[in-house]
Amino acid sequence: MKIYFESLAMHLKGELEYRVNFILSFLSQILVFFTYYFIILALFTKFDHIKGFTLYEVLLCFSIIQFGFSFNEVFARGVDRFDNLIIRGDFDRLLLRPRSIILQVLCSDSDFVKSSRLIQAIIVMIVALVHLHVEWNIWKVITLILMLFSSCVIFFGIFLAAAAYCFFTVQGLEVRNVFTDGGKHMAQYPIGVFQKGFVWFFTFIIPYAFVNYYPLLFFLGRKESILYAFSPLLVILFLIPCVLIFYWGMKRYASVGS
Amino acid sequence: MSFIEVKQISKTFRVAKKKSGLKESIKSFFKREFIDVKAVEDISFSIDRGEIVGYIGPNGAGKSTTIKILSGILIPDSGECKIDSMTPWKDRVKYVKKIGVVFGQRSQLWWDIPAEDTFDLLKDIYEIPEEEYQATKEDLIRRLNLQDIINIPVRQLSLGQRMRCEIAASLLHNPELLFLDEPTIGLDAVSKQVVRDFIKQLNREKQTTVILTSHDMNDITSLAKRIILIGKGHVLYDGSLKKLQNHYETEKYVSIKTNDKLNIRNKGILKKTKTKEGYDLTIDTRILSISQVLNIISKKIHIEDIEIDHESIDNIIVKLYEDYKI
């Protein structure tokens, strides 16, 4: 873990070398983020609610997903941009070091410019919470924390599985964006608003529903069962196949070469 | 048992077959044809502790593939490889602590920050004890003359300065085995000399085993007593450099400065050309020794000056490649 924080500090040091670039990128990220935000606002000028979810409920959902996604963009950039490691051949170097490969991939890159999105996600979440009139209790605090946590976990898993794809080919990387960016855009809305097939898919295959739907129902007081509050923990299971896929791809890479 | 034992290693790559032209590109988009390229085939050799071995061969001969297999990056299709009783690709974490690898064409230093920061990070990656780390670092800084460059962001360093930092970075954990893949590529004469001297010293003092690949034959001649020649994936020659030189060095060149006219005919003289100042002769030393040549000439003409040259190692290598048709 120490190595990870040290690398993080070094990346920050490196990024701050280019000061103007850092500031401009940071600001441009704010604009990008607000386009997403305005789309949702625009939608709600036409409709009062989407399948029973009001504007601020959707915004809460949106901010939680954005939080997890941005968190990984900042702190797990190496996994997100894993194709760079393969293309530049730097992955070979990782294999020459006596440490876990996933840890080293995590250390290999970070992008502090994206932390502007992280901050905005938190702001939107606070705005949503203020307008929602939630009846707070300890369980709801835990639920909210678990939702944020599982949001980080699920995107880490997806990034990792997408990274494994690079072991096979570095061409056609757009395919993986269907699962990262595409998934993110869908999951900005409570999964329950979609068709049954989608709900099934996002419950059992890529478990977005455990991040922003089942716990949300509990949080908003629509479900009483405490199981809903702890359902985000199931997302950890999702990591297992993702890690396995990554190591499987790595084995193949080592026996196929570059 | 030797330090490094490589037995019948083979490795085949599957490469997508591509022809030129848009039509072919579209065709290959829908239906890919693959061809198997044998990168290395049946490679065997053993290396003792403390040896410096030059691993040479033309581009695409399989040098990098072998280095990658030996360092545990690639898994061979078949064959065995034991280094210090470990198999590189099976005991990865334990094994890589004992080796250092320098890729001349790739950097392991962080581009935007000073080399010393990278060193500090490597210390934690390799879990080097603080005292040992400080001692090794001081030693490397002194030997490679890094005092003034270690605190400058790497991107501002010259290639020679950067390479010296690269080598230091690969040696912080005191590896027993060092792979150098074209360590002097693109360096000027002085930097090359610094790198060579350093490697020689390292080998002498710490008994570090070195496997070196390079296209600069001067690297090889000044460092390695033994070479392994590889071509088209096979080991073609494994032995002393001296023997190879003796075998191929059958011609010597003599330049004579004179005002007289030289009439000389001998089977041992392969070529005679008139130059501005005298004559150039090419001599087959298997037939005619240099002293015989001098004897004959000095009787016939007055020699103002004379220069004797032997075949360059590069020419020997060209001949060698021609002989093996690689």
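Of all residues in the stretch B:73-88, those satisfying the criterion of being surrounded by fewer than 20 Cβ atoms within 10 Å (Cβ to Cβ) and of a type outside the set (A, V, I, L, M) are B:D77, B:S78, B:G79, B:E80, B:K82, B:D84, B:S85, B:T87.
Conditions (1) at the interface with chain B (Cβ under 10 Å from one of its Cβ atoms); (2) of a type in the set (V, I, T); (3) open to solvent by less than 60 Å² (accessible area, probe 1.4 Å); (4) out of contact with any strand residue (DSSP E or B) (no Cβ under 6 Å at 6 or more places or on another chain), marked per residue:
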position	(1), (2), (3), (4)
A:K13	yes, no, no, yes
A:L24	no, no, no, yes
A:Q29	no, no, yes, yes
A:F33	no, no, yes, yes
A:Y36	no, no, yes, yes
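Might you let me know whether the stretch A:173-190 holds any residue that is in a helix (DSSP H, G or I), within 14 Å of another protein chain (Cβ to nearest Cβ) and closer than 29 Å to A:R88 by Cβ? So far as the stretch A:173-190 goes, no, none of its residues is in a helix (DSSP H, G or I), within 14 Å of another protein chain (Cβ to nearest Cβ) and closer than 29 Å to A:R88 by Cβ.
Among the residues that make up the stretch B:282-292, is at least one of them open to solvent by 30 Å² or more (accessible area, probe 1.4 Å), touching a residue at least 24 places away in the same chain (Cβ under 8 Å), under 17 Å from the mean Cα position of the chain (by Cα) and more than 30 Å from B:S78 (Cα to Cα)? Scanning the stretch B:282-292 turns up no residue that is open to solvent by 30 Å² or more (accessible area, probe 1.4 Å), touching a residue at least 24 places away in the same chain (Cβ under 8 Å), under 17 Å from the mean Cα position of the chain (by Cα) and more than 30 Å from B:S78 (Cα to Cα).
If you go through the stretch B:18-29 and keep only what is open to solvent by less than 60 Å² (accessible area, probe 1.4 Å) and assigned to a loop (DSSP other than H, G, I, E, B), you end up with just B:G21. Only one of (1) farther than 24 Å from A:I87 by Cβ; (2) at the interface with chain A (Cβ under 7 Å from one of its Cβ atoms) is not met by B:I113, so which one is it? Only one criterion in (1) farther than 24 Å from A:I87 by Cβ; (2) at the interface with chain A (Cβ under 7 Å from one of its Cβ atoms) is unmet by B:I113, namely (1). Selection of the stretch B:247-268 for residues being part of a loop (DSSP other than H, G, I, E, B), open to solvent by 70 Å² or more (accessible area, probe 1.4 Å) and within 24 Å of B:D284 (Cβ to Cβ) yields B:K261, B:N263, B:R265, B:K267. Among the residues of the stretch A:74-102, the ones that are assigned to a helix (DSSP H, G or I) and either within 10 Å of chain B (Cβ to nearest Cβ) or within 24 Å of A:E17 (Cα to Cα) (or both) come to 16 in all.
Selection over the stretch B:30-62 of residues that are away from chain A (no Cβ under 14 Å), among the charged types (D, E, K, R) and outside any strand (DSSP E or B) gives a count of 5.
Taking residues in the stretch B:84-95 that are assigned to a loop (DSSP other than H, G, I, E, B), and partners anywhere that are of a type in the set (F, W, Y), the pairs with Cβ atoms closer than 9 Å and at least 6 places apart or on different chains are B:D84/B:F3; B:D84/B:Y95; B:T87/B:Y95; B:P88/B:Y95; B:W89/B:Y95. Open to solvent by 50 Å² or more (accessible area, probe 1.4 Å), away from chain B (no Cβ under 14 Å) and of a type in the set (G, A, S): is that true of A:A42 in this structure? The answer is yes for A:A42.
Taking the stated definitions as given, is A:L244 out of contact with any Asp or Glu (no Cβ under 7 Å at 6 or more places or on another chain), under 19 Å from A:F91 (Cβ atoms) and assigned to a helix (DSSP H, G or I)? Taking the combined requirement at face value, the residue satisfies it.
Residues that are more than 21 Å from the chain's Cα centre (by Cα), open to solvent by less than 30 Å² (accessible area, probe 1.4 Å) and more than 7 Å from chain A (Cβ to nearest Cβ) within the stretch B:89-110 comprise B:Y95, B:L109, listed in sequence order. Cβ separations smaller than 6 Å between residues 6+ apart or across chains give the following pairs from the stretch B:197-214 residues that are under 19 Å from B:Q105 (Cβ atoms) and assigned by TED's automatic domain parsing to the domain that holds B:G57 to residues that are hydrophobic (A, V, I, L, M, F, W, C) and outside any helix (DSSP H, G or I): B:V210/B:I52; B:V210/B:L178; B:I211/B:V53; B:I211/B:F179; B:L212/B:L180. Of all residue pairs spaced 6 or more apart or on separate chains, none has beta-carbon atoms under 6 Å together with a first member in the stretch B:219-240 that is outside the structural domain of B:K192 (by TED's automatic domain parsing) and a second member that is open to solvent by 40 Å² or more (accessible area, probe 1.4 Å). Evaluated against (1) within 30 Å of B:A169 (Cα to Cα); (2) open to solvent by 10 Å² or more (accessible area, probe 1.4 Å), A:E135 falls short on exactly one condition, (1).
Based on this model, can you work out whether B:Q161 counts as more than 14 Å from every other protein chain (Cβ to nearest Cβ) and surrounded by 19 or more Cβ atoms within 10 Å (Cβ to Cβ)?
Numbers: more than 14 Å from every other protein chain (Cβ to nearest Cβ): yes; surrounded by 19 or more Cβ atoms within 10 Å (Cβ to Cβ): yes.
So B:Q161 fits the description; yes.
Every test in (1) in contact with a Leu (Cβ under 9 Å, 6 or more places away or on another chain); (2) of a type in the set (D, E, K, R); (3) within 22 Å of A:F5 (Cα to Cα) is passed by B:D124 save one, and that test is (1). Residue pairs whose Cβ atoms lie under 8 Å apart, separated by 6 or more positions or on different chains, with the first residue in the stretch B:304-324 and touching a residue at least 12 places away in the same chain (Cβ under 8 Å) and the second assigned to a loop (DSSP other than H, G, I, E, B) and of a type in the set (D, E, K, R), are B:H310/B:E249; B:E311/B:E249; B:I316/B:E249.
The values are calculated or read from the model by the stated rules, or taken from the named source; none is laboratory data. Keep in mind that what you see is a predicted model, and the values were worked out from it rather than measured. Positions of Cβ are backbone-derived with ideal geometry, glycine not excepted, and every protein chain shown enters the neighbour counts. The protein model used for the area step is the full one, side chains on, heavy atoms only, and it has no ligands, DNA or RNA in it. Shrake-Rupley method; radii C 1.70, N 1.55, O 1.52, S 1.80 Å.
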